[in-house]
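Asker: Got a structure for you, questions after.
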Amino acid sequence: VVLRLCAGPYRYLAPLMALGVMCYALIMAVRPHMLTLLGVALLLMMLRSRRAQPYIPALFLLWANLHGGVAFGGVALVLGAGAAVLYERRSWPRWLAIVGASGLATLATPLGPGLWRFTVSMIAHPQTKYILEWLPPRPGWPLSYPFFALAAIWGGLLLVGRAQLIRRLRGPEGAWYLTLLLLSVALLIM
């Protein structure tokens with residue numbers, strides 16, 4: 001799914017994808033958080049396709065019943081909708097409806113609104129500092145080195161291809177590039 005979101009020849013994308021997979025090597029296991037990683041990738045694909053956007057609330061309904069990481073999907077959706085509205089101001093009613101319906105869909109779980117209370121309580125819970133998939137990358141942690149290598153490559157590509165990037169940001173894809181940038185910043189802050 002992530003590969004479909006990428007642009008460029010596969011001979012360049014394959015090594016970058018391998019490096020990206022190495023970033024998750026420690027936490028890759030058959031665990032529920034993998035559903036959130038899939039949910040984020042599917043959400044980003046749906047954000048790019050106008051035909052798929054009306055189905056975003058259905059994704060949130062399923063996602064909320066599978067993993068509490070749907071909260072992160074909510075952050076991604078709000079950032080994506082905000083970026084889209086910045087690009088096309090008249091689209092705000094459609095995005096308001098999609099975001100609202102997606103939020104309501106997350107209440108259709110056995111926990112109801114308790115899902116959100118639990119998720120917020122886990123952010124401040126002292127035990128979360130021991131959950132590996134919640135830990136941010138750290139320079140002194142060798143398992144973080146693939147992440148920093150990927151970030152350095154990304155930064156280098158931005159510097160080398162800045163003229164092409166600026167041209168692409170003016171087109172319809174610009175809103176989604178902005179979403180990914182804001183989402184990556186949110187990941188580092190969270």
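Asker: Highest mean first, what order results for 82-95, 58-71 on Cβ atoms within 10 Å?
Answerer: Ranking the peptides 82-95, 58-71 by packing returns 58-71, 82-95.
Asker: Right, something else. Report ³J(HN,Hα) in whole Hz for each residue of the range 68-80, in order, from the Karplus equation J = 6.51 cos²θ - 1.76 cosθ + 1.60 where θ = phi - 60°; Gly and Pro get x.
Answerer: Once rounded to whole Hz, the list reads x, x, 4, 4, 5, x, x, 4, 4, 5, 5, 5, x.
Asker: Quick one: ranking Leu143, Leu77 by accessible area, 1.4 Å probe, largest first, what do you get?
Answerer: Ranked list, largest accessible area first: Leu143, Leu77.
Asker: Given a 1.4 angstrom probe, what's the average accessible area per residue across the range 45-136, in square angstrom?
Answerer: Counting only protein heavy atoms, the per-residue value for the range 45-136 is 59 Å².
Asker: How much length, in nm to one decimal, is gained on full extension between Tyr55 and Val21, taken as 0.36 nm per residue of separation minus their Cα-Cα distance?
Answerer: Extending this stretch completely gives an extra 9.5 nm.
Asker: For Thr106, enumerate residues with amide H under 5 Å from its amide H, sequence gap 5+ or separate chain, H modeled in the peptide plane.
Answerer: none
Asker: Need one number: nm distance between label points at Tyr145 and Leu111, each 7 Å from Cα along Cα→Cβ, rounded to one decimal.
Answerer: For Tyr145 paired with Leu111, the spin-label model returns 3.7 nm.
Asker: If you plug each phi of the range 103-116 into the Karplus form 6.51 cos²θ - 1.76 cosθ + 1.60 with θ = phi - 60°, what whole-Hz ³J(HN,Hα) values come out, in order, with x for Gly and Pro?
Answerer: x, 5, 4, 6, 7, 8, 10, x, 7, x, x, x, 4, 6
Asker: Just the number, please: carbon plus sulfur as a percent of the accessible area of the range 43-111, 1.4 Å probe, no ligands or DNA/RNA counted.
Answerer: 70 percent
The values are calculated or read from the model by the stated rules, or taken from the named source; none is laboratory data. Owing to the predicted nature of the structure, the values given are computational and were not obtained by experimental measurement. Using ideal geometry, Cβ is built from the backbone for each residue, glycine included, and neighbour counts are taken over all protein chains shown. Side chains are part of the model used for accessible areas, which takes the heavy atoms of the whole protein and leaves out ligands, DNA and RNA. Shrake-Rupley method; radii C 1.70, N 1.55, O 1.52, S 1.80 Å.
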